[in-house]
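Working notes, structure below.
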Amino acid sequence: MGVHFLLVAHLLIVVEMLAWACLPGEYKTNNICCPMCDKGRFVKAHCTLESSSSTCVLCGPSTYMDHANGLTECFRCKDCDLGAGLVAKLNCTFTSNTVCECTAGQFCQKEDCDLCRDHTQCPPGQYVKKPGTPRMDTVCEKCPPGHYSKEKNSAECSPWTKGNWNNGWTTRYRLFFTSTRKRTSRSRQ
Ligand SMILES: *[C@@H]1O[C@H](CO)[C@@H](O)[C@H](O)[C@H]1NC(C)=O
């Protein structure tokens, strides 16, 4: 009998909800259905039994509304925290919130970032496999065998020139340089 009572009560609530549901594009206030305001606007005055239209007003400065609504104020636009390294990628509009992103050279993997970090610097002996973005750190990789990089953040590694017959000048220069150095160090002894 208890279960039966609960079922009936539940059914009554559902019936009541259906009876009181407003049409799509409407919202309920003071037990009447009013037309929603478009995005970019908020409800300045609810509709009444006498006047069937809501009074809608454009969002004020630094506020936005991104969906049709029955709300009496717009949402405050997010500020990008410069101290955390964030700047506006997209400014706030009447219909959309500010989108912040990390400044150049920094990144943050979190969607709603609270602190940007510096991109990793690839040391000599490595190269930049994937440049960093505002959402991703730099990906560094070791130079493959027989290759080197002298500068940090090198875009690529260069092959050692030893035995490279296509580059005769470099080979001759290297041989000359090596023999000069040997002679100098020997003469110093
Ligand atoms: C955002 O607005 C500021 C000032 O109104 C402007 O300097 C800046 O360039 C804008 N940023 C974007 C991403 O549109």
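Among the residues of the stretch 60-91, just one is touching a residue at least 40 places away in the same chain (Cβ under 8 Å) and within 13 Å of the ligand (Cβ to nearest atom), namely 89. Among the residues of the stretch 92-111, those identified as part of a loop (DSSP other than H, G, I, E, B), under 14 Å from the mean Cα position of the chain (by Cα) and either within 30 Å of residue 145 (Cβ to Cβ) or within 16 Å of the ligand (Cβ to nearest atom) (or both) are 97, 98, 103, 104. Taken as a whole, the structure places residue 140 among residues that are in a strand (DSSP E or B), among the hydrophobic types (A, V, I, L, M, F, W, C) and more than 16 Å from the ligand (Cβ to nearest atom). Taking the stretch 19-43 as the range and being part of a loop (DSSP other than H, G, I, E, B) and either surrounded by 14 or more Cβ atoms within 10 Å (Cβ to Cβ) or among the acidic types (Asp, Glu) (or both) as the test, the residues that pass are 22, 36, 38, 39, 40.
Within the stretch 117-137, the set of residues being more than 16 Å from the ligand (Cβ to nearest atom), surrounded by 13 or more Cβ atoms within 10 Å (Cβ to Cβ), within 15 Å of the chain's Cα centre (by Cα) and not charged (D, E, K, R) comprises 132, 136. Quick check on the stretch 131-143. Is at least one of its residues closer than 30 Å to residue 23 by Cα and either out of contact with any Pro (no Cβ under 6 Å at 6 or more places or on another chain) or among the acidic types (Asp, Glu) (or both)? No. When 140, 157, 113 are checked against the criterion of being of a type in the set (A, V, I, L, M, F, W, C) and at pLDDT below 95, a single residue qualifies: 113. Return yes when residue 114 is in contact (Cβ under 8 Å) with a residue 12 or more places away in the chain, surrounded by fewer than 20 Cβ atoms within 10 Å (Cβ to Cβ), away from the ligand (no atom under 16 Å from the Cβ) and under 29 Å from residue 74 (Cα atoms) and no when it is not. For residue 114, the condition - in contact (Cβ under 8 Å) with a residue 12 or more places away in the chain, surrounded by fewer than 20 Cβ atoms within 10 Å (Cβ to Cβ), away from the ligand (no atom under 16 Å from the Cβ) and under 29 Å from residue 74 (Cα atoms) - is met.
The values are calculated or read from the model by the stated rules, or taken from the named source; none is laboratory data. Keep in mind the model is a prediction, meaning the values are calculated, not measured. Cβ sites come from the backbone with ideal geometry, for glycine too, and all protein chains shown count toward neighbours.
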